[in-house]
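Before any comments, here is the structure.
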Amino acid sequence: MMKKIIYIFLGCLLWTSCSGMLDIESHSAVSPGSVTPKDLSALRMGMYNKVQNSPARESYITFDILGGDLTQSTGNARDLINSVLSSLNSIVATSWNGYYNALYQVNNVISIVEDLPESDLRNLIIGEAHYFRAYIYHALVTRWGGVPIQRVNTMEKPFRDSEETVWTFIEEELETALAFLGTSSSYYYVSRDAAVALKARVMLERGKLTEAAALSESLITNGKYKLDSFDKIFRGQANSEVIFSFQCLAEESNITISTLFYTYAHPNHGSYVYRPTNDVMNMYDDKDKRKEVSIINVGAEPCINKYPSGQTGTDPVVMSRLAEMYLISAEAQGLSKGLGRLNDLRKERGLDAVNPKDEDEFIEYILDERRKELLAEGFRYYDLIRTNKAKTMLGLKDYQLVLPIPGKEMISNPNLEPNPGY
């Protein structure tokens with residue numbers, strides 16, 4: 001049964017065209033002044049729905065598309081990367097607009113809920129909203145670098161904030177979220193642990209390794225989670241590993257990632273837009289427990305197998321899970337202290353322990369394990385960017401280490417400077 005959902009519309013966010021706003025069903029939108037405490041649950045679901053759906057399905061796998069693990073009909077991953085890294089590419093434009101569209105809803109929720117009387121639900125929603133604002137800006141900064149920070153919605157044409165300023169803002173938002181969040185009824189709702197997991201990722205990416213190790217270890221050792229089988233994680237079953245996931249109910253979601261990966265010959269069919277490269281199909285050891293759920297051959301065609309519903313429905317999209325925390329802890333602690341965590345994960349996945357000879361080889365093992373563990377979950381491109389390996393391993397040019405600002409956005413807002421090289 002579809003949840004009751006409320007969207008809030010005050011006008012248009014930033015410089016984006018308003019033309020599509022007239023298509024919104026009137027029953028789903030209310031003015032901010034009309035919201036009362038009895039509307040909180042519906043307002044909350046509207047926020048979840050917008051954050052989940054607005055950036056569109058390919059936003060979740062953009063870093064796999066750009067990370068060299070996927071290709072199209074040419075069979076050359078570099079052709080796909082060059083195609084996407086264009087200011088006119090639809091994935092780039094849709095993601096930019098989608099994240100800011102989601103931000104518009106989140107900002108409205110924050111401004112409305114903060115003025116409502118104190119209650120447990122009101123405080124929970126504030127925490128969730130600040131988590132989502134951190135999540136959105138994390139997606140933006142890892143794609144485009146410095147972007148405009150919008151704490152409130154505006155009709156002004158803003159300038160870009162520096163990349164460092166955006167990262168600092170993300171940390172501030174997560175601290176605010178942590179002050180309001182607690183446990184959740186299921187991993188389909190944001191919890192304090194979800195904010196800890198996202199902060200661990202942010203700390204690793206910012207090079208704050210002590211903090212990253214401490215945060216990831218707090219989730220590994222708190223007794224709530226343990227590594228679980230891929231069958232459970234990626235087949236929508238109850239499991240002990242997922243920390244937060246978008247549920248993507250078929251009645252409410254347009255995140256049909258699965259149809260992008262399967263051929264029509266698959267039992268649930270698909271449009272087969274992206275296929276794994278030969279390297280991906282050959283990177284799993286036969287005893288690796290992840291192999292069958294990660295990749296599959298449908299007839300003679302290689303396919304990603306983590307999202308199995310094809311054209312028949314939608315699959316949950318995992319935002320954070322314990323295996324990533326093992327990999328964050330390992331990398332953040334370095335070879336001497338982190339190797340145990342890497343081998344703990346490998347053992348759980350059916351693999352033998354490794355013994356790197358130095359820190360450089362250790363990082364190679366970490367990246368290899370992240371590639372296998374997190375395939376098609378939106379990590380590879382930025383993993384190579386942040387470890388300074390993207391130009392060598394992907395053949396990228398200097399300017400391709402960030403995405404282009406969409407051309408339409410720069411026309412609409414002359415204050416948006418392009419990323420150099422585009």
Over the chain: helical MRE at 222 nm, DSSP H runs n ≥ 4 each giving -39500 (n - 2.57), nearest 500:
-14500 deg cm²/dmol
Please figure out what share of the DSSP beta bridges in the chain is antiparallel and state it in percent, rounded to the nearest 5.
85
Centre separation in Å (Cα based) which lies between the stretch 113-183 and the stretch 188-226:
18
Most mobile of Q237, Q400, Q150 in a GNM of the chain (Cα contacts under 10 Å)
Q237
Length gain on complete extension for the stretch D398 to E417, per 0.36 nm per residue less the alpha carbon to alpha carbon distance?
5.1 nm
Expressed in angstrom, Rg and Dmax over the Cα atoms of the stretch 285-409 are 16.8, 51
Tally up the carbon and sulfur contribution to the accessible surface of the chain as a whole percent, 1.4 Å probe, everything protein left in place.
50
Rg (Å, one decimal) plus Dmax (Å, integer) for the alpha carbons of the stretch 178-277?
16.9, 49
Taking S34, S258 and ranking on accessible area (1.4 Å, protein atoms only), highest first, one gets S34, S258
Once the Cβ-Cβ distance between E175 and N278 is put in as r, and R0 is 51 Å, what FRET efficiency do you end up with, to the nearest 0.05?
0.70
Extension reserve of the T210-E361 stretch, reckoned as 0.36 nm per residue once the Cα distance is removed
52.3 nm
Could you grab the relative contact order for the chain? Cα pairs under 8 Å, six or more apart, rounded to a whole percent.
19
A student asked for the Cα radius of gyration and Dmax of the stretch 206-262 in angstrom ought to give 15.5, 43
Please pull out the direction-averaged projected area of the stretch 41-146, using the convex hull of its alpha-carbon atoms, in nm² to one decimal place.
7.5
Can you check what the net charge comes to around L66, using other residues whose Cβ is under 10 Å from the Cβ of L66 (Lys, Arg +1; Asp, Glu -1)?
0
Filter K50/K232; K208/K357; K357/K397; K38/K224; K199/K347; K306/K347 down to the pairs with a C-alpha to C-alpha distance above 29 Å, please.
K357/K397; K38/K224
The chain: most fluctuating residue of Q72, Q105, Q247 per GNM, C-alpha cutoff 10 Å
Q72
Whole percent per 10 Å bin, from 0 to the bin with the longest distance: what is P(r) over all C-alpha pairs of the chain?
4, 21, 33, 28, 11, 2, 0
When all Cα-Cα pair distances of the stretch 263-337 are considered, the percent exceeding 20 Å is 47
Which value, in Å², gives the accessible area per residue of the chain when a 1.4 Å probe is used on the protein heavy atoms?
41
Name the helices (complete DSSP H segments) of the chain with a Cα length along the long axis of 15 Å or more and a Kyte-Doolittle mean of at least 0.0, or state none.
90-113, 120-144, 163-180, 192-205, 209-220
Just to be sure I understand the curve: with the Debye formula and one point per C-alpha of the stretch 153-202, what is log10 I(q)/I(0) at q = 0.24 Å⁻¹?
-0.88
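The values are calculated or read from the model by the stated rules, or taken from the named source; none is laboratory data. Computed from a prediction, not measured in an experiment: that's the story for all the values here. Heads up, the Cβs are rebuilt from the backbone with ideal geometry, glycines too, and the neighbour counts pull from every protein chain shown. Each accessible area value is taken on the protein alone, full model and side chains, heavy atoms only, with ligands, DNA and RNA left out. Shrake-Rupley method; radii C 1.70, N 1.55, O 1.52, S 1.80 Å.
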